[in-house]
Amino acid sequence: MIVTATLTTGISRVTRGMADAIRLVDEILRTDHIDWETILLVGDVEFHSTRDGPYPDQQLRVSVRPTAGWAALNHTDHYNPDHPIANTFNPTHPPPDVALIFNGSTGSVFPRTAAIPVPHVRQALIEWLNTRKRPVCVQWRPFDDY
């Protein structure tokens, strides 16, 4: 298993194997995502190794505010016909009062209802590493429903 990551710090990283991938997940979850999100890709190859690819069919976008205890995920899967793009979903009312960066290029933030506790995000990321599918241990809402 190879994880290709573009971190909120602007650094790209590649890990090989589950142990290194989990260490990367823990590093991401300790890092305050103020201006930029982290993008994660998992597969059997290093993605974007050249201008011609290879390109992934799915990705996870992560934003974390560790001091607040909240994080959000956005999963994109081009082969999922029902919900190709979805955000984590927290049904509590009122939703958490936290702004989690969705796209550093535009300054957009996740909907507040996408914020879930950091330990739940960790569990979802490890599930994703194991299954390479949208995690089922957390709730999701199709991106278009926001």
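In percent, rounded to a whole number, the relative contact order of the chain is 21, using alpha-carbon pairs under 8 Å and six or more apart.
Where Lys and Arg each count +1 and Asp and Glu each count -1, what net charge lies around P119 among other residues with Cβ under 15 Å from its Cβ? Each step should come with its number before you reach the end.
Numbers: positive: R30, R65, R122; negative: D26, E127.
Taking every Cβ under 15 Å from that of P119, the sum is +1.
Comparing P95, P54, P135, which has the greatest mean-square fluctuation in the GNM of the chain with Cα pairs linked when under 10 Å apart? It is P54.
Relative to the dominant Cα principal axis of the chain, helix 118-131 is inclined by about 30°. The length gained on full extension between R13 and R51, counted as 0.36 nm times the residue separation minus their Cα-Cα distance, comes to 12.0 nm.
Compared with the dominant principal axis of the Cα atoms in the chain, helix 18-30 is inclined by about 40°. Counting Lys and Arg as +1 and Asp and Glu as -1 over every other residue whose Cβ lies under 11 Å from the Cβ of E46, the net charge comes to +1.
Each value in this text was obtained by applying a stated rule to the coordinates, not by laboratory testing. From a predicted model like this one, the values you see are computed outputs, not experimental measurements. A quick note on method: Cβ atoms are made from the backbone with ideal geometry, for glycine too, and the neighbour counts reach across all protein chains shown.
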